[in-house]
């Protein structure tokens with residue numbers, strides 16, 4: 001065994017490592033590496049088994065370089081605090097911590113269908129992108145955005161159903177706050193006015209966004 005990778009984060013136990021494992025398995029240059037998840041089964045039965053480490057064996061320096069690049073790219077995409085610990089059999093250890101959320105505009109797509117079914121959209125370069133971020137003390141379970149025409153609430157999870165549940169919950173929170181209505185009323189209105197769309201399924205973590213058109217609900 002050449003390397004053991006452990007991850008500590010704010011997500012449920014094993015979630016961050018499962019995400020990293022998916023990213024490593026997608027890299028062609030790591031195809032020859034042996035990557036085995038180490039599964040932890042809690043004795044008290046409070047939760048199910050979860051991945052608590054990745055055991056990695058590789059031979060060439062090229063694979064090691066690709067591994068480091070992949071881990072660094074994955075860290076840059078984290079949205080919550082996370083610490084990665086790399087350990088070698090000789091006792092050498094390296095810890096890398098990311099304490100703050102990071103913003104990425106992603107890769108440029110001239111067009112793609114909802115869901116981005118495969119790894120290929122119509123890729124393009126972006127000369128300039130303008131994004132406006134409004135920072136406040138609002139407690140959000142997931143990101144929200146607004147355009148000239150609609151409000152959007154996003155959900156992300158490796159399970160598409162859980163991503164949809166997260167997007168719905170965030171949209172209902174948004175409707176309660178912006179429309180000044182209670183939860184049951186938001187659910188009733190959302191059932192007829194909110195659309196759920198698949199953001200993407202091409203990566204390990206899937207996405208769903210809930211869309212509420214600005215003119216869909218008129219409060220008297």
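Scanning the stretch 185-201 for residues that are touching a strand residue (DSSP E or B) at 6+ places or on another chain (Cβ under 8 Å) and either assigned to a helix (DSSP H, G or I) or more than 11 Å from residue 171 (Cα to Cα) (or both) returns 190, 193, 197, 198, 199, 200, 201. The set of residues in the stretch 53-67 being at pLDDT 75 or above, surrounded by fewer than 16 Cβ atoms within 10 Å (Cβ to Cβ) and within 25 Å of the chain's Cα centre (by Cα) consists of 55 alone. Pull up the stretch 202-220, narrow it to residues that are in contact with a helix residue (DSSP H, G or I) (Cβ under 9 Å, 6 or more places away or on another chain) and not in a strand (DSSP E or B), then point me to the one that is farthest from residue 162 (Cα to Cα). Looking at residues that are in contact with a helix residue (DSSP H, G or I) (Cβ under 9 Å, 6 or more places away or on another chain) and not in a strand (DSSP E or B), I get 219.
Table: residues versus (1) buried (at least 17 other Cβ atoms within 10 Å of the Cβ); (2) modelled with pLDDT of 90 or more.
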| residue | (1), (2) |
| --- | --- |
| 115 | no, no |
| 121 | yes, no |
| 125 | no, no |
| 143 | no, no |
| 163 | yes, yes |
| 206 | yes, no |
| 211 | yes, yes |
| 220 | no, no |
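Before we move on, is residue 173 at pLDDT 90 or above, on the phi < 0 side of the Ramachandran plot, loosely packed, with under 14 Cβ neighbours inside 10 Å and within 21 Å of the chain's Cα centre (by Cα)? No; evaluated as a whole, the condition is false for this residue.
Within the stretch 9-36, the set of residues being part of a strand (DSSP E or B) and at pLDDT 80 or above comprises 34, 35, 36.
The values are calculated or read from the model by the stated rules, or taken from the named source; none is laboratory data. Everything numeric here is computed off the predicted structure, so don't read it as measured data. Using ideal geometry, Cβ is built from the backbone for each residue, glycine included, and neighbour counts are taken over all protein chains shown.
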